[in-house]
Amino acid sequence: MADATEPIVEFLNRFTRALGVNSAVDVEQTPDGPRLNLSGGEAEILARHRGEPLKALQHVVDMAYGRALPDEQRVFVDALEYRKGKDVELRQMAKLLADKAKQTGLEQQLGPLNPYERRIVHLAVAEVPGATTESIGDAFSKTVLISARK
């Protein structure tokens, strides 16, 4: 697997050098695929504006290297573990809304979310017995409906 991440790490190193950002790339292997975290104080620039620069970089990496990994694995690009923290929050919110949907019988909405965020929500709600999800919308950003399973 390390071989598959080498060109991605090199790309991220070239990218940050071009930005004039001094950072290191740490690779963490996860069951879903490698998580590449840019570290160093200057990497903070990627987490600014609610992580929009990081989302754009993730999109570029997906387009360029997304098919280089085996099976259903994906590459996750992060900076100072910004997305990791946001992922935890999103997972918790999805489970909270799933419980609320089960208790009230009313659908709960979460979004708009990009494909990566929707995947986190679908997987988190799948862990809640009696709850289900559905993505609605026809754009890149969609809303996820969370409801009690009938």
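Of note:
- Among the numbered conditions (1) surrounded by 14 or more Cβ atoms within 10 Å (Cβ to Cβ); (2) assigned by TED's automatic domain parsing to the domain that holds Ala18; (3) of a type outside the set (A, V, I, L, M, F, W, C), the only one that Arg91 does not meet is (2).
- Subset of segment 27-37 that is at pLDDT 90 or above and surrounded by 14 or more Cβ atoms within 10 Å (Cβ to Cβ) - its residue that is nearest to Tyr82 (Cα to Cα): Asn37
- Some residue of segment 110-132 being in contact with a Pro (Cβ under 9 Å, 6 or more places away or on another chain), farther than 30 Å from Gln29 by Cβ and not assigned by TED's automatic domain parsing to the domain that holds Val61: no
- Checking each residue in segment 103-121 for being over 22 Å from Pro53 (Cα atoms) and surrounded by fewer than 17 Cβ atoms within 10 Å (Cβ to Cβ) picks out Gln103, Thr104, Gly105, Leu106, Glu107, Gln109.
- Of all residues in segment 38-68 being within 16 Å of Glu10 (Cβ to Cβ) and in contact with a strand residue (DSSP E or B) (Cβ under 6 Å, 6 or more places away or on another chain), the one that is surrounded by the fewest Cβ atoms within 10 Å (Cβ to Cβ): Val61
Listed here are the residues, each with its yes/no results for (1) of a type in the set (D, E, K, R); (2) at pLDDT 95 or above; (3) surrounded by 20 or more Cβ atoms within 10 Å (Cβ to Cβ).
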{"residue": "Asp71", "(1), (2), (3)": "yes, no, no"}
{"residue": "Asp78", "(1), (2), (3)": "yes, yes, yes"}
{"residue": "Gly85", "(1), (2), (3)": "no, no, no"}
{"residue": "Glu127", "(1), (2), (3)": "yes, yes, no"}
{"residue": "Leu145", "(1), (2), (3)": "no, yes, no"}
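The values are calculated or read from the model by the stated rules, or taken from the named source; none is laboratory data. Just so it is clear, the structure is predicted and the values come from calculations on it, not from any experiment. Positions of Cβ are backbone-derived with ideal geometry, glycine not excepted, and every protein chain shown enters the neighbour counts.
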